[in-house]
Every structure is written in structure tokens, then in C-alpha cells.
């Protein structure tokens with residue numbers, strides 16, 4: 001049965017790619033299912049299919065040993081009805097896994113078969129809060145990106161995607177300033193049986209989990225740089241047998257200041273986020289702790305006018321950890337619903353780092369060897385922000401205590417080839433984590449992660 005499913009996926013992917021090659025004309029326009037079916041202007045259908053193979057030779061996680069592999073599939077199909085004064089949209093997601101061992105770390109971050117990712121109504125609203133302004137309100141089940149995507153994101157690399165049910169309002173003035181309000185119930189990703197069974201179970205939201213926020217960005221600052229301000233709220237309460245989460249009542253204000261990259265110029269980005277409220281540190285605890293945490297990101301880059309268009313970036317991230325587990329406070333930062341691949345490397349069955357109890361400087365070199373090929377090399381060192389808190393993603397407590405908090409150093413590389421731009425992309429990547437004192441103390445050695453993937457858009 002397993003082999004037959006795998007063969008079906010392979011054959012389907014070959015068919016998709018064949019359609020892309022056959023449908024690509026001499027005008028170099030991407031092939032689209034919408035055009036091939038000659039659908040009416042008010043209706044559109046689009047999507048993508050991705051196949052990725054992942055392998056890690058040694059597990060860094062405290063409760064696992066040995067290597068793991070997985071062949072993961074993600075198919076997304078979006079259908080839209082676009083009338084003049086109202087839009088209807090529905091998006092299906094199918095995320096599956098094959099070839100993985102029973103001990104491979106699989107969860108709702110990897111598997112989510114046959115799920116209604118989005119189903120919403122969108123209404124455009126002009127001249128609201130100013131003549132000439134444009135806005136829209138979207139209601140139903142939705143996905144969201146906000147700002148840098150570090151706290152609110154529609155996931156790209158991860159095999160599953162964050163979903164929310166609620167209302168999302170976007171406004172833009174004539175001077176390009178932007179304002180946004182949303183109030184949602186995050187969707188809990190579910191599947192039946194074991195992850196390897198790939199058996200569908202419809203996701204659901206709960207009234208016990210609420211996520212809301214406000215976002216504002218002026219057009220440009222007087223000197224030409226750009227600013228974002230936001231305030232987010234998360235309120236969630238566990239219900240025995242329904243939600244396996246820690247109680248949270250968090251408020252998260254933040255700001256981001258940045259300058260976009262330009263040839264022969266420096267660019268930068270600074271993002272500072274604070275968090276306060278109440279939280280619980282253990283699922284077995286019923287005590288609400290005072291929550292005070294923070295996260296900072298800083299980077300400076302330079303784009304060279306040279307062959308391969310090199311761009312060099314120096315980066316630094318700091319996410320607070322819990323300084324003292326016995327003082328009645330929780331200082332560990334909660335990354336909410338953000339993405340982390342673009343800062344800390346591949347996720348999938350790997351993903352050793354997140355924005356919690358982390359102190360990490362790094363350097364990244366981006367290159368463009370050809371018009372349809374991009375690549376990068378990255379080097380980052382990782383330390384615990386607090387000696388007394390855990391390396392959260394590995395679930396490892398620092399055995400060395402105050403003596404050393406060095407986790408390790410990660411080297412990463414990626415090459416991306418646009419075989420047919422906006423139709424077919426092939427990508428390969430690798431990451432090697434050199435073990436530091438924290439890993440040594442937990443009996444962990446170096447870990448190497450490799451992946452290759454192909455994506456077809458239609």
C-alpha cells in the first residue's frame with residue numbers, strides 16, 4: 001500500500017512537469033492551468049506541488065538517536081471568484097510524508113492531509129478613512145503574512161501552513177501608508193492515527209485560543225528608510241483532551257526599521273520586540289507566571305556591483321530565555337506564529353533553532369551565478385541566552401550550567417535553479433551543525449542535514 005501511494009505521487013509529479021514543459025510557449029510566459037482551461041475572467045484556479053527529500057544523519061534532539069529521512073509532498077490548490085464588489089476564495093492543502101521511520105520527528109508541522117486551508121469572503125472598501133484610500137476586509141478561514149514574517153507568517157519551507165479563522169482588514173492611504181487590524185482563532189492542525197498513515201482529519205479552531213493584532217507602516221521616513229509598528233495579542237487556554245498547549249495570555253509590541261538593498265549601498269534591518277503578560281512554563285503546572293521576554297534582530301548588508309551580484313550580510317539575533325525557573329517569572333520569548341527558516345536554516349525534520357533562549361551572531365553571502373540561479377552560504381554560532389533554561393527545540397537542559405552555554409556552529413548552503421521561471425524550480429541545500437559544549441554534555445555529536453526538492457506552479 002505504501003509503495004503504491006509513493007508511485008502515485010511520483011507519476012502525478014511527472015505529469016505536472018510534463019504539462020509545464022508542453023504548455024510553455026515561445027513567448028516565455030509561464031504555463032497556467034487557468035489559461036489552458038480557458039476559464040472565464042471572474043474565475044481563476046492556481047496552485048503548486050512540491051516534492052522534497054530530507055535526510056539527517058544524526059539527531060540533535062535529546063530524546064532521539066540516529067538518523068532520519070522523509071519524502072514529503074505538499075500540494076496547494078486555490079480557486080477564486082472575483083466579482084467587482086466581492087471576492088470568494090477557497091484553498092485546499094494536502095501535506096503528506098513517505099519513507100520516514102517510525103521514530104522520525106513528525107507532527108502537524110509536516111503532515112496535514114487534505115485540509116481546507118482557506119475559505120473566505122473579501123470585500124473591497126474605497127475611500128474609508130480618507131478620500132482616495134483603498135482597503136479590503138477578509139473574513140473566514142485565512143492565512144497571513146505580516147512585516148518581516150518573524151511573528152506572523154504563511155510558511156514557505158515548512159510542509160504545512162499556519163491557518164486562522166477570523167477577520168483581517170487592510171487599509172492603504174494615498175501616501176502609501178498602511179494600517180491593518182485582525183482578530184482570529186488560530187487553526188489547530190490535526191491528523192488521524194500516526195503521521196505516517198497520512199489519514200485526513202479536518203483541522204479546527206477553538207474559542208479558547210485567540211490571536212489578534214494591529215499593524216502600521218508609514219510610506220517612508222524623512223530620510224527614506226521604512227518603519228513598521230505593531231501590537232499583537234495571544235490568549236490561549238488548554239482544554240484537557242483537546243489542546244496540548246501551554247496557557248498563554250501575552251501582549252507583544254514591536255517595531256522594525258529597515259532600508260532595502262541597493263547596488264553599491266549599505267542596507268540594514270533592526271527589529272525589537274517585547275512581550276508581557278502571563279504564561280505557564282510546564283504542561284503539568286497550574287500556576288500562572290508573570291511573563292516578561294524580548295527578542296532583537298539586527299543586520300547590516302552590502303550589495304556589490306560585481307560578477308555574481310554578491311551581497312554580504314552580518315546578522316545578530318537574541319531571544320530571551322528564562323533566567324531562573326524558581327523565581328515565579330517566565331522570561332522565555334514566544335515566537336507566536338512566525339517563520340524561522342530564513343534566519344536559522346532549514347526546518348522540516350531538522351530545524352534545530354527557534355526564537356527562544358537563543359544568542360546567535362552570523363554571516364551570510366548571497367550569490368547569483370546566472371539569471372535563473374541563486375545561492376547562499378551562511379555561518380552562525382549559537383549560544384543559550386540563559387544558562388538555566390533549555391535549548392528549546394532539542395529539549396535539552398544545559399548540563400554544564402554556568403560554565404558554558406555554547407550549543408554549536410551551523411554552516412549552511414543552498415542553490416536554487418529556476419528551470420522554467422514561475423513554473424519549475426529545483427533546489428538543493430545542506431546544513432552541518434558542529435557540536436558545542438551543550439551538545440557534548442547531552443551526548444550529542446555533529447549533525448548533517450541534506451535536502452533536495454522540486455516545485456511546480458500551475
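Screening residue 32 with (1) under 22 Å from the mean Cα position of the chain (by Cα); (2) in contact (Cβ under 8 Å) with a residue 60 or more places away in the chain gives one miss only, at (1). Check whether at least one residue in the stretch 119-130 is over 24 Å from residue 427 (Cα atoms), surrounded by 19 or more Cβ atoms within 10 Å (Cβ to Cβ) and touching a strand residue (DSSP E or B) at 6+ places or on another chain (Cβ under 9 Å), and report yes or no. Yes, that holds for at least one residue. Do we find a residue being more than 30 Å from residue 97 (Cβ to Cβ) and either in contact (Cβ under 8 Å) with a residue 12 or more places away in the chain or touching a strand residue (DSSP E or B) at 6+ places or on another chain (Cβ under 9 Å) (or both) anywhere in the stretch 239-246? No. Within the span defined as the stretch 397-410, every residue fails to be under 30 Å from residue 32 (Cα atoms) and touching a strand residue (DSSP E or B) at 6+ places or on another chain (Cβ under 9 Å). Checking the stretch 143-151 against the condition returns no match, with no residue being at pLDDT below 95 and surrounded by fewer than 17 Cβ atoms within 10 Å (Cβ to Cβ).
If you go through the stretch 242-262 and keep only what is at pLDDT 95 or above and either part of a loop (DSSP other than H, G, I, E, B) or over 22 Å from the mean Cα position of the chain (by Cα) (or both), you end up with 249, 259, 260, 261, 262.
The values are calculated or read from the model by the stated rules, or taken from the named source; none is laboratory data. Here the structure is a predicted model, which is why all the values come from computation and not from measurement. In this analysis, Cβ positions are derived from the backbone assuming ideal geometry, glycine residues included, and neighbour counts consider all displayed protein chains.
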